[in-house]
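Working notes, structure below.
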Amino acid sequence: MKIRTLVRASVLAGAMAFGLGSAHAAEVEGPEVSWNLSTWGKPRAFTVGLEYIAEQLAAKTDGKFTLKIHYGEALSKARENLDGIRLGAFQAAQFCNFYHPGKNPAWMVLTMPFLPIGDLAVSVKVREALMAHPAFVADMANWNAMPYFSAVLPQYEFLGRGEPPASLADWQGKRVRAGGGIGLAMEKLGATRTTVPATEVYTGIERGTMDAASMPFTYAHAAYQLHEISDWFTANLSPGTSECATVLNKTAFEELPEQYQKLLMDLKPSAYEAQIAAYVDIDKKNLPMFKSNLTEVTYTEEQLDEFRKAAGKPVWDEWVAENSGDFDAQGLLDLIFSEAKKARQ
């Protein structure tokens with residue numbers, strides 16, 4: 001595992017070195033601090049919020065507080081980022097909940113199908129409330145991590161090869177990449193689900209080991225070039241989303257001077273605005289491209305109602321029953337609906 005080697009050579013969490021001063025006055029004064037953040041893939045809409053935070057940290061401290069984003073699993077495999085945080089191999093990392101349900105069981109509530117968080121501004125409010133919930137905090141405490149920033153993933157859609165699934169019955173037997181509750185929802189339609197990191201999806205579809213993949217629409221499909229090997233896309237299935245968040249090493253955060261802790265938190269609202277704008281902008285580019293080159297699959301409202309009845313509340317109820325002995329699963333679902341309603345008022 002890469003992180004074991006990295007532990008010995010990495011900048012330790014919270015390590016600080018005082019500089020000789022700066023020619024420019026910093027907006028936030030403090031010591032020199034260098035942090036590393038582990039993620040996968042390349043710079044894309046998904047990483048815009050983090051890139052904004054990194055730029056602002058450097059700008060407001062006159063280069064004293066730096067956050068270096070390491071793309072392409074350079075520091076750790078995507079499935080091992082929480083392990084790396086616990087070991088102190090790096091101070092920050094992104095992870096996706098459905099990559100390892102056992103590591104973050106409470107966080108799996110955000111994979112439930114048909115949650116009322118299609119609006120990205122509403123989604124921010126809901127995700128921020130969840131990240132403050134004791135069950136979410138406890139999941140991350142097991143990894144010496146603290147929730148920090150959500151990637152605010154848009155609703156998922158599918159891109160795939162072969163015959164387009166014009167009706168819900170056409171999903172029968174299809175092998176789909178769909179994690180968590182979305183995967184359970186697709187099983188209700190007779191599909192066979194698989195869960196692999198985003199970096200492995202292209203190869204799976206290209207080699208025919210999966211027929212279709214659900215990802216945040218449209219940025220993720222284009223970022224991983226799935227449109228180049230696909231024949232069709234769903235335009236309005238919208239089965240749900242998931243949570244890919246940035247967490248901080250708790251020890252590293254606690255060792256920061258208070259002004260740096262405050263700065264990290266103060267940057268979040270503007271970073272969310274940048275994140276949402278990036279998704280909106282990339283859709284303007286990707287959607288016309290998809291429509292020009294792929295078959296668009298659109299379902300009737302009657303078909304979607306049928307899907308929601310079969311794979312909405314039944315999946316929620318199964319998830320609550322499975323997890324209620326370990327944490328307040330029903331309370332998490334209730335919180336999503338109450339926060340979404342509040343955000344729309």
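The values are calculated or read from the model by the stated rules, or taken from the named source; none is laboratory data. What you see is a predicted model, and the numbers here were worked out from it, not measured in a lab. Here Cβ is always computed from backbone atoms with ideal geometry, including for glycine, and neighbour counts include all displayed protein chains. Just so you know, the surface numbers come from the protein's heavy atoms only, side chains and all, with ligands and any DNA or RNA stripped out. Shrake-Rupley method; radii C 1.70, N 1.55, O 1.52, S 1.80 Å.
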Probe 1.4 Å, accessible area per residue of the range 150-270, Å²: 33 Å²
With contacts defined as alpha carbon pairs under 8 Å and 6 or more residues apart, what's the relative contact order of the range 143-222 in percent? 38 percent
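With a Förster radius of 41 Å, plug the Cβ-Cβ distance of residue 310 and residue 27 into 1/(1 + (r/R0)^6) and report the FRET value to the nearest 0.05.
Details: r = 54 Å, r/R0 = 1.31.
The formula returns an efficiency of 0.15 here.
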Alpha-carbon centroids, the range 44-92 and the range 222-268: separation in whole Å: 11 Å
For the range 107-148, report the convex hull volume of the alpha-carbon atoms normalised per residue, in Å³, without decimals. 65 Å³
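Let me know the charge dipole size of the range 44-84 about its Cα centre in debye, to the nearest 20, where only the beta-carbon of Lys, Arg (+1) and Asp, Glu (-1) is charged.
Working: 6 positive and 6 negative charges, 5 e Å.
Dipole about the Cα centre, nearest 20: 20 debye.
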Report the residues of the range 228-249 in range of a label on residue 287: point 7 Å along Cα→C-beta, backbone N strictly under 19 Å from it. 232-241
How large is the dipole of the chain about the Cα centre if only Lys and Arg carry +1 and Asp and Glu carry -1, each at its Cβ, rounded to the nearest 20 debye? 580 debye
Rounded, prolate or oblate (a/c below 1.5 giving rounded, otherwise prolate when a/b exceeds b/c) for the range 41-104 by Cα gyration tensor: prolate
At q = 0.08, 0.11, 0.18, 0.20 Å⁻¹, what base-10 log of I(q)/I(0) does the Debye formula yield for the range 138-281 when every alpha carbon is treated as an equal point scatterer in vacuo? -0.29, -0.52, -1.01, -1.15
Which residue, 154, 54, 179, has the largest displacement toward the positive end of the dipole of the chain when charges sit on each Cβ (Lys, Arg +1; Asp, Glu -1)? 54
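I need the peptides 80-90, 194-204 ranked by packing, meaning the mean over residues of other C-beta atoms within 10 angstrom, with the highest value on top. It would help to have the intermediate numbers written out before the result.
Details: 80-90: 23.7, 194-204: 16.7.
Descending packing order for the listed peptides: 80-90, 194-204.
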Measure of size requested: the Rg and Dmax of the range 84-205, with Cα atoms as the atom set and Å as the unit; please supply both. 16.2, 49
In degrees, nearest 10, the alpha-carbon axis of helix 313-323 is tilted away from the dominant principal axis of the alpha carbons of the chain by 50 degrees
Assign unit charges at the C-beta atoms only (+1 for Lys and Arg, -1 for Asp and Glu), then state the dipole size of the range 26-150 relative to its Cα centre in Debye, rounded to the nearest 20. 360 debye
Would you mind checking which residues have amide H under 5 Å from residue 248's amide H? H placed 1.01 Å from N; only 5 or more apart, or other chain. 146, 148
Residue 79 accessible area, nearest 10 Å², 1.4 Å probe? 80 Å²
Angle, helix 48-60 long axis vs. longest principal axis of the chain, Cα atoms, 0 to 90°, nearest 10? 10 degrees
Around residue 63, with a cut-off of 14 angstrom between Cβ atoms, what is the net charge of the other residues, counting Lys and Arg +1 and Asp and Glu -1? -2
So how tilted is helix 301-311 from the main axis of the chain? Cα-based, degrees 0 to 90, rounded to 10. 70 degrees
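If you roll a 1.4 Å probe over the chain with all protein chains in place, what percent of the accessible area is carbon or sulfur?
Working: 7410 of 14280 Å².
With neighbouring chains kept in place, the figure for the chain is 52 percent.
Would you work out the relative contact order for the range 84-243, in percent, from Cα pairs under 8 angstrom that are 6 or more residues apart?
Working: 258 pairs, mean separation 52.1, N = 160.
Worked out over the range 84-243, it gives 33 percent.
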Approximate shape of the range 201-345 as ellipsoid semi-axes (Cα gyration tensor, √5λ), whole Å, largest first: 32, 25, 17
For residue 262, go through the lysines and keep the ones whose alpha-carbon is under 23 Å away, minus same-chain ones fewer than eight residues off. 60, 64, 68, 125, 250
Any chance you could get the radius of gyration and Dmax over the Cα atoms of the range 82-153, in Å? 12.3, 37
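In the range 264-345, which chymotrypsin sites (Phe, Trp or Tyr not before Pro) are in a loop and have at most 13 other Cβ atoms within 10 Å, using DSSP for the loop call? Spell out each step's value before the answer.
Working: sites: 272, 279, 290, 299, 307, 316, 319, 327, 337; in loops: 299, 327.
When the chymotrypsin sites (Phe, Trp or Tyr not before Pro) of the range 264-345 are filtered for loop state and at most 13 Cβ neighbours within 10 Å, nothing remains.
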